[in-house]
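Engineer: One structure coming up, written as structure tokens, with questions to follow.
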């Protein structure tokens, strides 16, 4: 089953994301959040330095599970409270996602609107 058959938000083929360098348990990682057109976090990606390790595989699996939940109409802050494991890896990732979503929502929506204007044939006609 591919994810296009799963219920939830359909994300644009190209979507905006924010990437930050973070530390998880003392290990440097890259943390990315993918946003829908309303500026809501819908995907979580984490890239660890130790590619191929069991920890990296577990981290990737957790990110897939959290992303599927985010795409199924849940928000990061709500998921964080529902999981109810303060300080856990899932809690820390969802907390960071909620913080980024809150601080970036307006900018994300404006960026999508600007991209739409650039793709609008009427806008291109005015510019030429």
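Engineer: Six or more apart or on different chains, Cβ under 6 Å: which pairs go from a residue in the range 72-83 that's in contact (Cβ under 8 Å) with a residue 24 or more places away in the chain to one that's assigned to a loop (DSSP other than H, G, I, E, B)? Could you list them?
Structural biologist: 72/8
Engineer: Let me ask you something else. I'd like to verify a number: residues in the range 1-27 that are farther than 18 Å from residue 90 by Cβ, modelled with pLDDT under 85 and touching a strand residue (DSSP E or B) at 6+ places or on another chain (Cβ under 9 Å), how many?
Structural biologist: Summing the residues that are farther than 18 Å from residue 90 by Cβ, modelled with pLDDT under 85 and touching a strand residue (DSSP E or B) at 6+ places or on another chain (Cβ under 9 Å) in the range 1-27 gives 4.
Engineer: Which pairs turn up if I take residues in the range 1-24 that are assigned to a strand (DSSP E or B) and look for partners that are surrounded by fewer than 14 Cβ atoms within 10 Å (Cβ to Cβ) and modelled with pLDDT of 65 or more with beta carbon separation below 8 Å, at least 6 apart in sequence or on another chain?
Structural biologist: Hits for this filter: 19/30; 20/30; 21/28; 21/30; 22/28; 22/30.
Engineer: With under 14 Å from residue 18 (Cβ atoms) and either in contact (Cβ under 8 Å) with a residue 24 or more places away in the chain or part of a helix (DSSP H, G or I) (or both) as the only criterion, which of 65, 115, 102 stands out? Show your work before the answer.
Structural biologist: On the way: 65 fails: under 14 Å from residue 18 (Cβ atoms); 115 fails: under 14 Å from residue 18 (Cβ atoms).
Within the list 65, 115, 102, the selection yields 102.
Engineer: Of the numbered conditions (1) free of Cβ contacts under 8 Å to residues at least 24 places away in the same chain; (2) outside any strand (DSSP E or B); (3) within 11 Å of the chain's Cα centre (by Cα), residue 32 satisfies every one except a single condition; which is it?
Structural biologist: (2)
Engineer: To continue, here is another question. Determine if the range 28-40 includes at least one residue that is more than 30 Å from residue 116 (Cα to Cα) and modelled with pLDDT under 90.
Structural biologist: Yes - at least one qualifying residue is present in the range 28-40.
The values are calculated or read from the model by the stated rules, or taken from the named source; none is laboratory data. Everything quoted here is computed from the prediction, not taken from an experiment. Note that we place each Cβ from the backbone using ideal geometry, even for glycine, and neighbour counts take in every protein chain shown.
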